[in-house]
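Since the structure comes first, as structure tokens, the remarks are kept for the end.
No value in this document is a laboratory result; all are computed from the given coordinates. Being a predicted model, the structure only gives us computed values, none of them experimental. We place every Cβ from the backbone using ideal geometry, glycine too, and count neighbours over all the protein chains shown.
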Amino acid sequence: MLRILHVGIGPTGQRIEKELLGRSGLRTVAAVDLGPAIGGRLLSELVEDADPHLRIETTLEALHDWSSIDVAIVTTSASLARCADVFRTLLARGLPVVSTCEELVYPWATQRALAEDLDSLAKRHGGRLLGAGVNPGFLMDALPVFASVLSRRVDRVEVLRRQDATGRRITFQRKIGVGLGHADFEARVADGSLRHVGLRESAELVAHYLGFEIDRWNETIEPVLADRELPSGLGTIAPGATAGMRQVGEAFQRGKSVVRLEFLAALGILGPVDCVRLEGEPSFEFAIPGGVQGDVAATSIVLNVLESIRAAPPGLHTMVDLPVVHYRRP
């Protein structure tokens, strides 16, 4: 039985807890959430069939029996800086930690000092740290790297993630700008609150493992406008209003595009797909028609990597350098 400390019991954390209940080898023995709306409540108030006696603590300091914890899951923020203190506390206890923090997927290029600090702390205390998720964390980065095993030479990588956001959670629809007018969309792009976090980290991970040396990065974000009336969790979207977003990141080496990642998520998208193309020798592409359901996949990845991060040597890891990650039967 793998005994889990779960930090962050918001929407993502609750989905993980629901899935965890169906896996016989996993059990949450402690939970923490810093938010006043969640901290202090019983886990069973938020997740049906969860342990009715397990109270969600408001601080890590409130935990006393650290010896009863085998691994930690952290689902709090996309920002590495905001998660760093939690990571430090857990790593200092020598724990393996898996987090959905998007910026943790490959932080060396954009936040090297913090990445090296966490790596050093983990190695000193026997801890392990991994940023895991479906995107970033797999579809746009680890998957094309894994696919490159077929290649004699890789000259360029292109990944398209085209999603119909109609059935996604309200927080996701809000994140991609559903319902916003043009001015509000542009304002949120400008202040950084409307973007897919992790596109740069995904490109840097691909470049690192495939040997590209990125000397220029370009990124654009634009709205996808509704061409008809569309239902959403935020109400009906009128024609001409924002139905979602398209974000493209492109990495260059000596003036040549070597990694191009396109993230498109909007209501009512026709032909959703996840597609990876490698140009080189040989050139090939593969696609997942309909695309991967992000919420299900992200939850599955977090739970499926728990044993792998425990088996890894101490330090800060990526999905690519872990022992083989695979589905684990409940």
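Label positions at Glu19 and Thr59, each projected 7 Å from the Cα along the C-beta direction, are separated by 3.2 nm. Distance from the C-alpha centroid of the range 117-175 to that of the range 214-283: 16 Å, rounded to the whole angstrom. Using a Gaussian network model on the chain with a 10 Å cutoff between Cα atoms, which of His208, His196, His317 fluctuates the most? Looking only at His208, His196, His317, the largest GNM fluctuation is found for His208. Estimated from helices alone, the mean residue ellipticity of the chain at 222 nm is -8000 deg cm²/dmol (sum of -39500 (n - 2.57) over DSSP H runs with n ≥ 4, per residue).
Ser257 to Ser193: extension gain in nm, 0.36 nm per residue of separation minus the Cα-Cα distance?
Values: separation 64, 0.36 × 64 = 23.04 nm, distance 2.71 nm.
Going from the current span to full extension adds 20.3 nm.
Largest first, the extents of the alpha carbon coordinates of the range 63-162 on the three principal axes equal 51, 26, 24 Å.
Which of the GluC sites (Glu not before Pro) found in the range 26-97 are loop residues per DSSP with 15 or fewer other Cβ atoms within 10 Å of their Cβ? Answer by residue number: Glu48.
Largest GNM mean-square fluctuation among Leu91, Leu180, Leu270, using the chain with Cα springs under 10 Å: Leu270.
Mind listing which trypsin sites (Lys or Arg not before Pro) in the range 228-296 are in a DSSP loop and have 11 or fewer other Cβ atoms within 10 Å?
Numbers: sites: Arg228, Arg246, Arg254, Lys256, Arg260, Arg277; in loops: Arg228, Arg254.
Counting only loop positions with at most 11 other Cβ atoms within 10 Å, the trypsin sites (Lys or Arg not before Pro) in the range 228-296 are Arg228, Arg254.
Counting only C-alpha contacts under 8 Å and six or more residues apart, can you give the relative contact order of the range 142-291 as a whole percent? Relative CO of the range 142-291 lands at 37 percent. GNM remark for the chain: springs join alpha carbons under 10 Å apart, and the peak mean-square fluctuation among Asp33, Asp65, Asp155 falls on Asp65. With an a/c value of 1.5 or above and a/b not larger than b/c for the gyration tensor axes a ≥ b ≥ c computed over the alpha-carbon atoms, the chain is described as oblate. When peptides 182-193, 93-104 are sorted by average Cβ neighbour count within 10 Å, with the highest value leading, the order is 93-104, 182-193.
Please label the shape of the range 142-291 as rounded, prolate or oblate, based on the square roots a ≥ b ≥ c of the eigenvalues of the alpha-carbon gyration tensor (a/c under 1.5 means rounded; beyond that, a/b larger than b/c means prolate, else oblate).
Details: a/c = 2.86, a/b = 1.79, b/c = 1.59.
The shape class here is prolate.
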